[in-house]
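The values are calculated or read from the model by the stated rules, or taken from the named source; none is laboratory data. Everything quoted here is computed from the prediction, not taken from an experiment. Glycine gets a Cβ as well: all are built from the backbone with ideal geometry, and neighbour counts include every protein chain shown. In case anyone asks, the SASA skips ligands and DNA or RNA and just uses the protein heavy atoms, side chains included. Shrake-Rupley method; radii C 1.70, N 1.55, O 1.52, S 1.80 Å.
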Amino acid sequence: MKGAALLRALDLGPIPLLLALIAMTATIDLMLGSASATWALLGPVLVPMFMLLGYAPELTQTAYRVGDSLTNIITPLSSNFPLVLMFFQRYEPEAGIGTLTATMLPYTLTNAVVWPLMLVFWVWLGLPTGPGAP
């Protein structure tokens, strides 16, 4: 409740708030490889906090999932990272973690611009983020 009161006092509006949530999720995802563990950490705090601000839980989870998807391919702690590295080494035998991360970084940066813009556009149009969601 105090977090919602603080965010209400900052009066950021939905777009900066969602972009901050996306950035926070992407940053935490670099250190925590599991999407479900990240959601277990953030969901019980963010959903009620955003609900107190008047945002639907579907919108909060959508912003979380956008942030979660940004850093998956460059996170060595991700469960599928070794598999991707193995397939990468099939074509580039000397490749390691750094090579894979450097190769995937342009995709991560492109997605870090495109996905949040798509969400901003979606919110700006006033489209629902789920069945029956405002």
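Six or more apart or on different chains, Cβ atoms under 9 Å: show the pairs whose first residue is in segment 15-30 and among the aliphatic types (A, V, I, L, M) and whose second is outside any helix (DSSP H, G or I).
Once the first residue is among the aliphatic types (A, V, I, L, M) and sits in segment 15-30, its partners that are outside any helix (DSSP H, G or I) give Leu17/Leu53; Leu17/Tyr55; Leu18/Tyr55; Ala20/Leu12; Ala26/Thr71; Leu30/Thr71; Leu30/Thr75; Leu30/Leu77.
Out of the residues in segment 96-134 that are without any contact (Cβ under 8 Å) to a residue 12 or more places away in the chain and under 14 Å from Phe81 (Cα atoms), state the one that is least open to solvent (accessible area, probe 1.4 Å).
Selected residue: Gly96.
For segment 15-134, list the helices (runs of 4 or more DSSP H) that sit wholly inside it and hold at least 2 residues that are of a type in the set (Val, Ile, Thr) and closer than 30 Å to Met1 by Cβ; which are they? Outline the logic, then answer.
Details: elements: 35-52, 57-70, 81-91, 97-125.
Once the helices (runs of 4 or more DSSP H) in segment 15-134 are filtered for at least 2 residues that are of a type in the set (Val, Ile, Thr) and closer than 30 Å to Met1 by Cβ, what remains is 35-52, 57-70, 97-125.
Of the conditions (1) out of contact with any Gly (no Cβ under 6 Å at 6 or more places or on another chain); (2) open to solvent by less than 20 Å² (accessible area, probe 1.4 Å), Asn80 satisfies every one except a single condition; which number is it?
In the conditions (1) out of contact with any Gly (no Cβ under 6 Å at 6 or more places or on another chain); (2) open to solvent by less than 20 Å² (accessible area, probe 1.4 Å), Asn80 misses (2) alone.
Hey, can you tell me all the residues within segment 62-77 that are in contact with a Leu (Cβ under 9 Å, 6 or more places away or on another chain) and open to solvent by 60 Å² or more (accessible area, probe 1.4 Å)?
Once the filter is applied, which keeps residues that are in contact with a Leu (Cβ under 9 Å, 6 or more places away or on another chain) and open to solvent by 60 Å² or more (accessible area, probe 1.4 Å), segment 62-77 yields Pro76, Leu77.
Just give me the residues in segment 13-52 being open to solvent by 40 Å² or more (accessible area, probe 1.4 Å) and under 18 Å from Trp122 (Cβ atoms), in sequence order.
The answer is Pro14, Ile15, Pro16, Leu19, Ala20, Ala23.
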